[in-house]
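See structure below.
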Amino acid sequence: MSIANGLVTSVQVGTPEPLETSRGVVPSSICRRVLSGRVPVTRLGLAGNEQADLVNHGGADKAVCVYFSHHYSHWESRLGFGLTQGAFGENLTMSGFDETTVCIGDVMSVGTVRVEVSQPRQPCYKLASRHGVKQLATWIIDHGSTGFYFRVLSAGEVWAGADVVLEARIHPELTIAFANRVMHHSKAILASADDQDAARSGQTDAQSLLVPELSASWHASIRRKFFG
């Protein structure tokens with residue numbers, strides 16, 4: 001495969017700062033700063049990037065958060081204001097892919113780093129609070145423009161303008177869009193007693209997502225939602 005399929009358009013990191021939210025003032029690293037030059041990446045993410053909430057963020061399965069540059073114009077139009085780079089809390093802003101063309105387990109090289117797609121990103125209330133739009137997380141899920149996470153297979157460096165190369169794809173049916181649909185929308189089908197075929201289909205979709213390359217937290221959530 002080994003064809004340059006996309007580019008890193010910007011690189012961002014964040015450190016914990018107080019953020020005013022609907023739940024009070026909480027520490028958050030959602031506000032990113034843009035980095036220039038080559039940035040080292042290890043198993044746990046980009047140098048200089050820190051998480052305030054180590055339960056829901058960070059770790060090997062969620063080492064690098066990715067968002068797509070072409071989503072920005074949609075959100076600027078819907079929100080009615082301009083957005084700076086890293087506005088969605090991502091570490092890497094990328095072009096050339098989206099949620100319909102990235103799959104769980106995809107192995108990519110990004111700059112000199114080798115990475116694997118582990119799960120979709122789940123936007124939370126802190127992103128909504130950063131932009132002052134209470135419904136933003138729900139809007140992002142409904143629109144399907146969630147972004148995703150990489151785990152790091154081998155360390156290296158990333159930089160704005162670096163090639164993103166798809167090296168291997170083992171689950172072409174398990175796109176980020178499919179995973180989002182299973183997690184966020186199939187549960188409603190299971191709740192309906194009127195359509196048993198649809199309910200069985202929802203469980204079949206959920207089962208198909210439980211591959212070794214899916215993050216441990218998503219494994220647990222899928223099992224709890226559909227089979228618990």
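No value in this document is a laboratory result; all are computed from the given coordinates. Just so we're clear, the structure is a prediction, and the values are computed from it rather than from any experiment. Positions of Cβ are generated from backbone atoms using ideal geometry, with glycine treated the same way; all protein chains shown enter the neighbour counts.
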May I ask you to evaluate 6.51 cos²θ - 1.76 cosθ + 1.60, the Karplus curve with θ = phi - 60°, for each residue of the range 126-133 and list the ³J(HN,Hα) values in order in whole Hz, giving x for glycine and proline? 5, 5, 4, 5, 4, 9, x, 10
Stokes-Einstein D for the range 1-133, Kirkwood Rh over Cα pairs, 4 °C, 1.567 mPa s (µm²/s): 83 µm²/s
13 Å beta-carbon shell around SER208, net charge (K/R +1, D/E -1): -1
Give the Kirkwood hydrodynamic radius (Å, one decimal) of the range 56-166, defined as one over the mean of 1/r across all pairs of different Cα atoms. 14.5 Å
Quick one: putting +1 on the C-beta of Lys and Arg, -1 on the C-beta of Asp and Glu, what dipole do you get for the chain around its Cα centre, in Debye to the nearest 20? 500 debye
Spelling it out for GLY6: with amide H atoms placed in the peptide plane at 1.01 Å from N, the residues 5 or more places away or on another chain with amide H under 5 Å from its amide H are VAL164
Each residue of the range 65-77 in turn: what ³J(HN,Hα) in whole Hz from Karplus with 6.51, -1.76, 1.60 and θ = phi - 60°, glycine and Pro shown as x? 8, 10, 9, 9, 5, 6, 6, 4, 5, 4, 6, 5, 5
Hey, what did the chain get for relative contact order, percent, Cα under 8 Å, at least 6 apart? 26 percent
Stokes-Einstein at 37 °C, 0.692 mPa s, Kirkwood radius from Cα pairs: D for the chain in µm² s⁻¹? 182 µm²/s
Spelling out what I want: for every residue of the range 37-47, take phi, set θ = phi - 60°, compute 6.51 cos²θ - 1.76 cosθ + 1.60 (Karplus), and round to whole Hz; glycine and proline get x. x, 7, 10, x, 10, 10, 4, 9, x, 7, 4
For the chain, how many pairs of lysine residues have a Cα-Cα distance under 23 Å, where the two are 8 or more positions apart or belong to different chains? 4
